[in-house]
Amino acid sequence: MGYSPFYMVHGRKPRLAEDPERPAILTETNDLTDKYNARLRKFDHLHKAQQTAIERQVAAAHRVEDQYRQLGDGQRFNANEWVMIRNMKKTKLAPDFYGPVRVVKQMPFYTYKLALLNGDEIPELFHNERLQRCKIGELVPQREWAKVSCFAALLVEEVMRGAGV
């Protein structure tokens, strides 16, 4: 073929450091006004390209912000509420949720600081997408087998107290 890879990509000969004459960057004429006008046109073109790039970036940022707002507005939790944590690395027999845990405080970007049942705080922050409200403390109707097991537990405690244990 006889063409360099640079020529194949850009359609012009490469500018090398060891070239004796540097090619004219803008035009082949030596007229200063033509060079000046050509340079002004180039700067205007660059300025317009920069403005369109900035507008596209701002529009993309607004789109991402709207998407983030839609994700974050799902549910919010207050301090001392009980929540369950969604298991994101679920394996075959792993539960869907872990918990319950208590919300300690709300942090920026819809994240929450959580504490375990024993009061130890979890060092990581959790986004509200991973949290599910948990209903702890509500009265659940007891079934007969639960009443019997509670009664049996009371009997065991009385027997142990009577035995001096």
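Order of 114-121, 50-57, 125-132 by packing, highest average Cβ count within 10 Å first?
125-132, 114-121, 50-57
Using only protein heavy atoms and a 1.4 Å probe, report how much of Asp31 is accessible, in Å² to the nearest 10.
Ignoring ligands and nucleic acids, Asp31 comes out at about 70 Å².
Where in the range 78-107 are there trypsin sites (Lys or Arg not before Pro) that are in a DSSP coil and have at most 16 other Cβ atoms within 10 angstrom of their Cβ?
Lys89, Lys90, Lys92
Sort Met107, Met8 by accessible area with a 1.4 Å probe, largest first.
The ordering from most to least exposed comes out as Met8, Met107.
Please report, as a whole percent, how much of the solvent-accessible surface of the range 43-130 comes from carbon and sulfur atoms (probe radius 1.4 Å).
Answer for the range 43-130: carbon and sulfur cover 56 percent of the accessible area.
The values are calculated or read from the model by the stated rules, or taken from the named source; none is laboratory data. All figures in this text were calculated on a predicted structure; none of them were measured in a lab. Backbone-built Cβ (ideal geometry, glycine too); neighbour counts: all protein chains shown. The area values use the complete protein model at the heavy-atom level, side chains included, leaving out ligands, DNA and RNA. Shrake-Rupley method; radii C 1.70, N 1.55, O 1.52, S 1.80 Å.
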